[in-house]
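Below: the structure, in structure tokens.
The values are calculated or read from the model by the stated rules, or taken from the named source; none is laboratory data. Bear in mind the structure is a predicted one, so any value in this text is a computation, not a measurement. Virtual Cβ from ideal backbone geometry, glycine too; neighbours counted across all protein chains shown. Calculation scope for accessible area: heavy atoms of the full protein, side chains included, ligands and nucleic acids excluded. Shrake-Rupley method; radii C 1.70, N 1.55, O 1.52, S 1.80 Å.
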Amino acid sequence: MGHRQWNHICAAAVASALATCCLSSAAWAQTTTALAVAPAVAPVSTPADAATQSSVTPQNSDQIQTVIITANKRKEDASKVPLSISVIGGDELEAQHINDFASATRSIPNISFSGGGGGGNAGDGPGLSNIEMRGISSTAGSATVGIYMDDVSMTVGNLYSMGSAEPKFFDLDHVEVLRGPQGTLYGASSMGGTVKFISNQPDLKEQQTNISTDISSTAGGGVNNTETAVFNQVLIPNELALRIGLETAHKSGYINQVNPTTAAVIADGINWEDDRVARIALKWTPTKELTITPSIFYQQVNSGDIDVSYLQLADGTPLPNNETAKLVREPGKDTLTVPSLTVNYGTDVGDITSVTSYFRRIFDRTQDGTTVNSPYLGTQVINDPALAAIVGALPSAVYLDNEITQFSQEIRMTSKAYDPSVSAFTWVAGLYITDGNTNVIDNEPIIGINAAFAAAGKNPDNPNDLAGAVPVGFPDDNSYSAHRYYRDTQQSIFGEANYYVMPTLHFTAGLRFLRAQETFLDDRSLYYTNDGTNNGIAVDSQSLNESKVTPKFAVTWEVSPTNTLYASTAEGFRIGGANVAAPLAYCEMTQPNPVTYGPDSLWSYELGNKSRFLNNTLSVNADVFYINWKNLQQQITNFNCGYVYNVNVGSATSTGGELEIKYKPTSQLTFDLAGGVTRATLSDNEGVDAGIVGANQGASVPGVPKFNTALTGQYNFSYTDNAQGFIRGAAHWTGASNGTLDPANPDYQRPAYSNVDASTGVKFENWDISLYVNNIANNQKIIQRPQVQGTADEAYRMSPRTIGFTVSGNL
């Protein structure tokens, strides 16, 4: 519930199972990972060809591929960047059917997801997940992980009504996962790390038409289908090209709605999902030095309900897996629109890049507020037990209309690639401004309350009939109405420089200076705003200003052309914000809660190695880290009324490491092993002293699995001279975690779990056909226990077994 969240629960992390399948053309070669085999220094492309250069440079098929990334705002060989990075290529995303954040977590070390909103209050499902990295997990305040599409920030705060923006993994060159604080180059809210979606750009040379269709069936559900088409039109050879990508998808639901009393099925597959995605980009290179790329990304995700089921009926009768006895369904409509204009201009000194962008997200959704709103009102009915029982059983909906808009402008200059004959320095410097607006409209009717009072001859606006009644009563049955408005503006200057003591040894230093301003306005009314004196009307207004300097230091030593050592330290942070003022009388408070909360920050220390052996057939990336997190933004819940507010209390540490191994013993056979371990705990008792249940020294930071591991193997072979085949298998293990700090909460202990996927297929000259099975064992273990709007007997499971086939081709 919006104004009275049950945010002491950190719920619902990992959504759908990591799929494996759908082999497209390039997937017949090696998979794309961050285990690179490029030369010691990868050249930086000129603006004219930078957009068309793939992240993967093909090499001898007996060897592992090179990976080129943009983590440091320039194109570089991933094996030379002093940073823990995982990269998944676009073809590999298609091959494994990874099409959202949640399905990628089981293959990427030390990254996880929890249900959106405070403590899983929003549930699990499309657009409702929060991303966590390296134990930096928080449902309070600002986001802890930055989300970027190319150079456009899509990062949103931790709001109870929604999770992170989730662009579908469609027509992508690759995805970069940058672990550790990235505040120097990416600003606030990248304290745990940053995820970058790098899209395919128009090709100035080659006409292309790629199509694919995928049809599958989910156990307990129905038929799923996805159709995609990508067109690349060369308008003027080597000068002007247009790329258009379209996708439409339907996922059948597998959760059934049942009667709360009889358990009879009311509706099948209510958690269905329909997707519509489009990406259009135009690339124009009027001169060798100048490239202009306007683009727009559009995505609409319609969902029938959240991916959470009930364990039992109200009378305690157990329910079968994937059934829910809710009174009010919880559909959503999540729309992303991201236009941008990128201009690159090359000079003799370096390349100038301007990125002008606009991000808009509209997310309208419904929650079932029955368990929170109606029972309490039933207890407030005066001298009429029959009416109290009727009111306490009425259905209640929470209608949430969310809108986020953000304009941003970045201008940066990047030096040419390192050339010892020119300079011992390389550098990047830039300016960044952003202006963001967030609107949350919350209306919570108790359906039928006016009719119930009228039938009993009572008035819901009469304090003699209903304790706490307000003069306007319940207009249109509404018990609570709120409009929250946030405006965030930021201005930054940033820079990073590398000094090469020698070609194989260089030092890195970076700095970002940021100023931020936030304005907050909250307008609330009706019954659940009443504190006994304001007649159910409340207006809050706050503003705050902040500034921060975030440094970064690193040293990189290329011990040999195939062995790189690095050490780094960096500071990460997130800005503070404003709180809603809880009504004193209703919440039985003697003094107001804090109207604002401050920023928190951390220092991260990392030591790593990136090596290649056996003639580039074996690659090993390994690192360890230590993070010291101070002044945590944490939520305090008032259990008298359910209102929550954020405070800065306590500290935490996170230690662990990541390991990625890729081995190609023959040209036909490839193995990948990726895993991470994390131990993130609170360092003191300040949280529990402030009233946060379970926030004791040594308590695990919620939502952080102790480990995750993925093992993948693929064997390629030839049917004929014109047909090649493959067999692929992938196993994933996710360790146990705590979903909340409170040991009495059902989500406190989240179990370890695993799943296995497999696929096989054949590739002809222009066509690929593959068969796949995801979640082969149909693992339906309860892996999280969210409490959406206080409903304690809810469960989240992986998506059931899915069997399907894919056909794709180049026309």
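For the range 545-559, a tally of residues being within 30 Å of the chain's Cα centre (by Cα), over 16 Å from ALA188 (Cα atoms) and without any contact (Cβ under 8 Å) to a residue 60 or more places away in the chain returns 1.
Could you name every one of the strands (runs of 3 or more DSSP E) located completely within the range 101-173 that has at least 3 residues being touching a Ser or Thr at 6+ places or on another chain (Cβ under 8 Å), modelled with pLDDT under 85 and open to solvent by less than 10 Å² (accessible area, probe 1.4 Å)? Give the steps one after another, and end with the answer.
On the way: elements: 111-115, 129-133, 145-149.
Ranges flagged: 111-115.
Residues of the range 731-746 being assigned to a loop (DSSP other than H, G, I, E, B) and within 23 Å of the chain's Cα centre (by Cα), which ones? Of everything in the range 731-746, those that are assigned to a loop (DSSP other than H, G, I, E, B) and within 23 Å of the chain's Cα centre (by Cα) turn out to be GLY735, ALA736, GLY739, THR740, LEU741. Can you pull out every residue in the range 779-800 that is part of a loop (DSSP other than H, G, I, E, B) and either among the hydroxyl-bearing types (Ser, Thr, Tyr) or out of contact with any Leu (no Cβ under 7 Å at 6 or more places or on another chain) (or both)? ASN779, GLN780, LYS781, ARG785, PRO786, GLN787, THR791, ALA792, MET798, SER799, PRO800 - these are the residues of the range 779-800 that are part of a loop (DSSP other than H, G, I, E, B) and either among the hydroxyl-bearing types (Ser, Thr, Tyr) or out of contact with any Leu (no Cβ under 7 Å at 6 or more places or on another chain) (or both).
If you go through the range 777-793 one residue at a time, do you hit one that is over 30 Å from SER161 (Cα atoms) and among the basic types (Lys, Arg)? Give the derivation first.
As a first pass, look at the range 777-793 and keep what is over 30 Å from SER161 (Cα atoms): 777-778.
Pick out the ones that are also among the basic types (Lys, Arg) and you get none.
Scanning the range 777-793 turns up no residue that is over 30 Å from SER161 (Cα atoms) and among the basic types (Lys, Arg).
Annotation: of all residues in the range 354-377 being in a strand (DSSP E or B), polar (S, T, N, Q) and open to solvent by 10 Å² or more (accessible area, probe 1.4 Å), the one that is modelled with the lowest pLDDT is THR366.
Figure legend. Inter-residue proximity from the range 247-270: first residues at positive phi, second residues part of a loop (DSSP other than H, G, I, E, B) and open to solvent by less than 30 Å² (accessible area, probe 1.4 Å), beta-carbon distance below 8 Å, spacing 6+ or different chains. Indicated pairs: ALA263/LEU313; ALA263/ALA325; GLY269/GLY222; GLY269/SER252; GLY269/GLY253; GLY269/TYR254; GLY269/ILE255; GLY269/GLY304.
Note on the range 307-330: residues that are open to solvent by less than 70 Å² (accessible area, probe 1.4 Å), small (Gly, Ala, Ser) and farther than 13 Å from ASP368 by Cα total 1. Please enumerate the residues belonging to the range 434-458 that are part of a helix (DSSP H, G or I) and open to solvent by 20 Å² or more (accessible area, probe 1.4 Å). Within the range 434-458, ASN450, ALA451, ALA454, ALA455 qualify. If you go through the range 47-86 and keep only what is part of a loop (DSSP other than H, G, I, E, B), at pLDDT 85 or above and within 25 Å of the chain's Cα centre (by Cα), you end up with THR70, ALA71, ASN72, LYS73, ARG74, LYS75, VAL81, PRO82, LEU83, SER84.
Is it the case, given these coordinates, that LYS283 is in a strand (DSSP E or B), open to solvent by less than 50 Å² (accessible area, probe 1.4 Å), in contact with a Ser or Thr (Cβ under 8 Å, 6 or more places away or on another chain) and among the basic types (Lys, Arg)? Here the answer is yes, as LYS283 does meet what is asked.
Just checking, does the range 176-186 include any residue being free of Cβ contacts under 8 Å to residues at least 60 places away in the same chain, open to solvent by 20 Å² or more (accessible area, probe 1.4 Å) and over 21 Å from GLU247 (Cβ atoms)? Before you say what the answer is, go through the steps one by one.
The first filter runs over the range 176-186 and keeps only residues free of Cβ contacts under 8 Å to residues at least 60 places away in the same chain, leaving 186.
Checking which are open to solvent by 20 Å² or more (accessible area, probe 1.4 Å) leaves us with none.
Checked the range 176-186: no residue is free of Cβ contacts under 8 Å to residues at least 60 places away in the same chain, open to solvent by 20 Å² or more (accessible area, probe 1.4 Å) and over 21 Å from GLU247 (Cβ atoms).
Within the bounds of the range 315-325, is there any residue that is under 24 Å from ARG484 (Cα atoms), modelled with pLDDT of 95 or more and part of a strand (DSSP E or B)? Before you say what the answer is, go through the steps one by one.
Within the range 315-325, the first condition is being under 24 Å from ARG484 (Cα atoms), and the residues that meet it are none.
Checked against the condition, which is being under 24 Å from ARG484 (Cα atoms), modelled with pLDDT of 95 or more and part of a strand (DSSP E or B), the range 315-325 yields no hits at all.
Kindly indicate whether any position in the range 582-591 is acidic (Asp, Glu) and closer than 24 Å to ASP742 by Cα. The answer is yes, given that some residue of the range 582-591 is acidic (Asp, Glu) and closer than 24 Å to ASP742 by Cα.
Across the range 477-490, the qualifying residues are those that are over 24 Å from the mean Cα position of the chain (by Cα) and touching a residue at least 60 places away in the same chain (Cβ under 8 Å), and the one among them that is nearest to GLN542 (Cα to Cα) is ALA482.
Please enumerate the residues belonging to the range 499-550 that are touching a helix residue (DSSP H, G or I) at 6+ places or on another chain (Cβ under 6 Å) and not charged (D, E, K, R). Once the filter is applied, which keeps residues that are touching a helix residue (DSSP H, G or I) at 6+ places or on another chain (Cβ under 6 Å) and not charged (D, E, K, R), the range 499-550 yields GLY510, GLY536, ALA538, THR550. Inspect all residues belonging to the range 557-565 and state whether any of them is charged (D, E, K, R), in contact with a strand residue (DSSP E or B) (Cβ under 9 Å, 6 or more places away or on another chain) and not in a strand (DSSP E or B). No: zero hits. Screening ASP476, ASP461 for residues that are out of contact with any helix residue (DSSP H, G or I) (no Cβ under 7 Å at 6 or more places or on another chain), part of a helix (DSSP H, G or I) and of a type outside the set (Gly, Ala, Ser) leaves exactly one candidate, ASP476. The residue that is nearest to ILE783 (Cα to Cα), among those in the range 747-762 that are surrounded by fewer than 23 Cβ atoms within 10 Å (Cβ to Cβ) and over 24 Å from the mean Cα position of the chain (by Cα), is ALA758. Only one of the numbered conditions (1) part of a loop (DSSP other than H, G, I, E, B); (2) within 32 Å of the chain's Cα centre (by Cα); (3) closer than 24 Å to SER295 by Cβ is not met by ASN238, and that is (2).
Looking only at the range 683-730, residues that are closer than 26 Å to PRO786 by Cα, open to solvent by less than 20 Å² (accessible area, probe 1.4 Å) and assigned to a strand (DSSP E or B) come to 2 in all.
Scanning the range 747-766 for residues that are assigned to a loop (DSSP other than H, G, I, E, B) and among the small types (Gly, Ala, Ser) yields a total of 1.
Residues that are acidic (Asp, Glu) and either in contact with a Lys or Arg (Cβ under 9 Å, 6 or more places away or on another chain) or not in a strand (DSSP E or B) (or both): does the range 479-495 have at least one? So that I can check it myself, show each step before the final result.
Going through the range 479-495, the residues acidic (Asp, Glu) turn out to be 488.
Retained after the next criterion (residues that are either in contact with a Lys or Arg (Cβ under 9 Å, 6 or more places away or on another chain) or not in a strand (DSSP E or B) (or both)): none.
No, every residue in the range 479-495 fails to be acidic (Asp, Glu) and either in contact with a Lys or Arg (Cβ under 9 Å, 6 or more places away or on another chain) or not in a strand (DSSP E or B) (or both).
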